[in-house]
Amino acid sequence: MSKLVCLVSGGIDSPVAAYMMIRRGVEIVAVHMDNRPFTDDKNLDKALLLVRHLQEVTNSPIKTYVVPHGPNHVTFARNCNRHLHCLFCRRMMFRVAERIAEREGAVGILTGESMGQVASQTVQNLTVVTQVTKLPLIRPLIGMDKQEIIEIARKIGTYEISILPGLCCTIVPKQPSTAAKLADVIGEEEKVDIDALVEKSLEGMYVLAPETL
């Protein structure tokens, strides 16, 4: 059985992506990037509820990593171009996911990204994000529109959990770049110690066994 690391938020898309791949016989290791204090406790609670529900509806155990991501936001906001912040965020997520994949023996990274749905998911920005990891990025929702994704979420019972109250990320820039250039993003990232941020994120993470969710 193949194993993928899946980035799971408290939103609608990522649990649908996870469900689709589990149904295809893939083992999932969930990774939740904890954005507090720029989100609230409810977002973490939702993410864990979603993983628990996925376990129940697929009868598949899912180990879950919770990784502190708030400090990374602070570092990028203080030192780098604010318009590119969402790109820094996504690239850090993939760096951390890649390290967890190495630990878990996973062969790729699974996401709920859908083309053009938000600023970070334009063709140009997806290309910039993809460059940061050597692992395959699996995007089963890439060609779906939001309504199609919602219909699946309703069918599998994750939609009601995903729309529970929770604070949306408050550090998203007012005018995020929708067509970032890789050279610009790399140049901005050179203003901070990326390796140190990754290591600190890994040091601060904790793991939840499937039976504890």
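The values are calculated or read from the model by the stated rules, or taken from the named source; none is laboratory data. Remember, it's a predicted structure, so these values are computed and weren't measured experimentally. Here the Cβ is made from the backbone with ideal geometry for all residues, glycine too, and neighbour counts use every protein chain on show. With ligands, DNA and RNA removed, areas are computed over all heavy atoms of the protein, side chains included. Shrake-Rupley method; radii C 1.70, N 1.55, O 1.52, S 1.80 Å.
How many of the residues making up segment 189-211 are open to solvent by less than 90 Å² (accessible area, probe 1.4 Å) and not small (Gly, Ala, Ser)?
11
Could you please tell me which pairs satisfy a Cβ distance under 9 Å, a separation of 6+ or placement on different chains, a first residue in segment 194-213 that is on the phi > 0 side of the Ramachandran plot, and a second residue that is open to solvent by less than 90 Å² (accessible area, probe 1.4 Å)?
Close Cβ pairs satisfying both conditions: none exist.
Please give the number of the condition ARG52 fails out of (1) within 15 Å of the chain's Cα centre (by Cα); (2) of a type in the set (D, E, K, R); (3) open to solvent by 60 Å² or more (accessible area, probe 1.4 Å); (4) closer than 21 Å to TYR159 by Cβ.
Going through the list (1) within 15 Å of the chain's Cα centre (by Cα); (2) of a type in the set (D, E, K, R); (3) open to solvent by 60 Å² or more (accessible area, probe 1.4 Å); (4) closer than 21 Å to TYR159 by Cβ, ARG52 breaks only (1).
If THR127 satisfies every condition in (1) open to solvent by less than 70 Å² (accessible area, probe 1.4 Å); (2) part of a helix (DSSP H, G or I); (3) farther than 21 Å from ALA47 by Cα but one, which is the exception?
Result: THR127 passes all but (1).
Yes/no per residue for (1) among the basic types (Lys, Arg); (2) under 27 Å from ILE28 (Cα atoms); (3) modelled with pLDDT of 95 or more:
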| position | (1), (2), (3) |
| --- | --- |
| PRO173 | no, no, no |
| ALA179 | no, no, no |
| GLY187 | no, no, yes |
| GLU190 | no, no, yes |
| ASP193 | no, no, yes |
| LYS200 | yes, yes, yes |
| GLY204 | no, yes, yes |
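Kindly check whether there is at least one residue in segment 26-36 that is open to solvent by 40 Å² or more (accessible area, probe 1.4 Å), within 15 Å of the chain's Cα centre (by Cα) and not acidic (Asp, Glu).
Yes: one or more hits.
Working only within segment 88-127, note down all residues that are modelled with pLDDT of 95 or more and among the aliphatic types (A, V, I, L, M).
Scanning segment 88-127 gives MET92, MET93, VAL96, ALA97, ILE100, ALA101, ALA106, VAL107, ILE109, LEU110.
Determine whether segment 75-98 contains at least one residue that is within 25 Å of PRO165 (Cβ to Cβ) and among the polar types (S, T, N, Q).
There is no residue in segment 75-98 that is within 25 Å of PRO165 (Cβ to Cβ) and among the polar types (S, T, N, Q).
Identify the residue in segment 138-188 that is among the β-branched types (Val, Ile, Thr) and assigned to a loop (DSSP other than H, G, I, E, B) and, among all such residues, is surrounded by the most Cβ atoms within 10 Å (Cβ to Cβ).
At the first step, the residues of segment 138-188 found to be among the β-branched types (Val, Ile, Thr) are 138, 142, 149-150, 152, 156, 158, 161, 163, 170-172, 178, 185-186.
Filter once more, keeping what is assigned to a loop (DSSP other than H, G, I, E, B): 142, 158, 163, 170-172, 178.
Details: ILE142: 17, THR158: 25, ILE163: 14, THR170: 11, ILE171: 17, VAL172: 16, THR178: 16.
Filtering first and then ranking leaves THR158.
Restricting the search to segment 102-123, which residues are in contact with a Lys or Arg (Cβ under 8 Å, 6 or more places away or on another chain) and part of a helix (DSSP H, G or I)?
Scanning segment 102-123 gives GLU104, SER120.
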